[in-house]
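Engineer: The structure's right below; bear with me while I get my questions together.
The values are calculated or read from the model by the stated rules, or taken from the named source; none is laboratory data. Small disclaimer: the values here were computed from a predicted structure and weren't measured. Glycine also receives a Cβ, built like all others from the backbone with ideal geometry; neighbour counts cover every protein chain displayed.
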Amino acid sequence: MMGGKKNMWKAIKRQIYVQREIFAVIAGIMLGCWVLGAAALAIAMYFIKEKVYFPLGVSCALVAIGVMMLFFVFGEVVVYFNVELSMGSSRKEFFVSHLVVALLAVAEIFVLTAVLCTAEEILNRIQCAGGETVKLLPELIRFGIPIIVLLVIVAGLVGALFLCFGRPVLAAAWIAWMFLCIGVPRIHDAAAEVPDSFWGRIGNAIGRLIGGIPGYLQWALFAVVCAVGIAGTWAILRRQQVNV
């Protein structure tokens, strides 16, 4: 038992060391997108009369890092599963060590979000003195970070499914991604602009359904979805054969 725990700890430390560059990449992407978004907002505020602050820099940083984490975790599972198991790692060591690295990355994103949003609030308060300010840090952390956590878990599950079933999984994932990027915004717009249309009614029905769920049940449902995703990934990987 002690030997198993010792090997697991070694696997986690090895994985953190091997993947250490990802933490610098996360910081670089978030900082770069934050600068671009904050600069775009500053230019816009210079030319318009009505001063309204919005954390555009942090919003851009979260969107970019969410997409990056989606592809990073998927790639890590697909690329390193066969490599690490062929070099002597157990399936459990691989699974736990990669999950720990992903969660550490999410923790870094959480801290950077709080720091960058605070910095952007200060900068825009100076630029938009006397104007309207919209403080979205609580909402960004409340919704943005859980979405990134969910993306990380889904990416791991899709990676495991790809190892098991191959290319059809990518086709299904692409369709789902396009629906989220194109279909969901259109349904949302239809619900607001043409509520009596077919998609507008669907959007409003979904909104009422989600709005009718108490906050604590929403978080409970989120935890269940995450647990099912992690359990599903492990259930697939523990039986997946190594292809070298």
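Engineer: Take the range 39-67 and flag every residue that is hydrophobic (A, V, I, L, M, F, W, C), modelled with pLDDT under 85 and within 23 Å of Phe143 (Cα to Cα).
Structural biologist: Across the range 39-67, the qualifying residues are Leu41, Val52, Phe54, Leu56.
Engineer: What about Ile153, is it under 30 Å from Ala119 (Cα atoms) and either surrounded by 19 or more Cβ atoms within 10 Å (Cβ to Cβ) or in contact with a Pro (Cβ under 9 Å, 6 or more places away or on another chain) (or both)?
Structural biologist: Numbers: under 30 Å from Ala119 (Cα atoms): yes; either surrounded by 19 or more Cβ atoms within 10 Å (Cβ to Cβ) or in contact with a Pro (Cβ under 9 Å, 6 or more places away or on another chain) (or both): yes.
Criteria met by Ile153.
Engineer: Could you figure out which of (1) farther than 21 Å from Val106 by Cβ; (2) surrounded by 13 or more Cβ atoms within 10 Å (Cβ to Cβ) isn't true of Met30?
Structural biologist: Of (1) farther than 21 Å from Val106 by Cβ; (2) surrounded by 13 or more Cβ atoms within 10 Å (Cβ to Cβ), only one is false for Met30: (1).
Engineer: How many of the residues in the range 49-107 are crowded, with 21+ Cβ neighbours inside 10 Å and in contact with a Cys (Cβ under 8 Å, 6 or more places away or on another chain)?
Structural biologist: Counting residues in the range 49-107 that are crowded, with 21+ Cβ neighbours inside 10 Å and in contact with a Cys (Cβ under 8 Å, 6 or more places away or on another chain) gives 5.
Engineer: Determine the pairs where a residue that is farther than 17 Å from Val152 by Cβ and at pLDDT below 85, located within the range 1-28, has a partner that is assigned to a helix (DSSP H, G or I) and among the β-branched types (Val, Ile, Thr) with Cβ atoms under 9 Å apart, the partner being 6 or more residues away or on another chain.
Structural biologist: Short answer, once both residue conditions are applied: Met8/Val96; Ala11/Val96; Val18/Val101.
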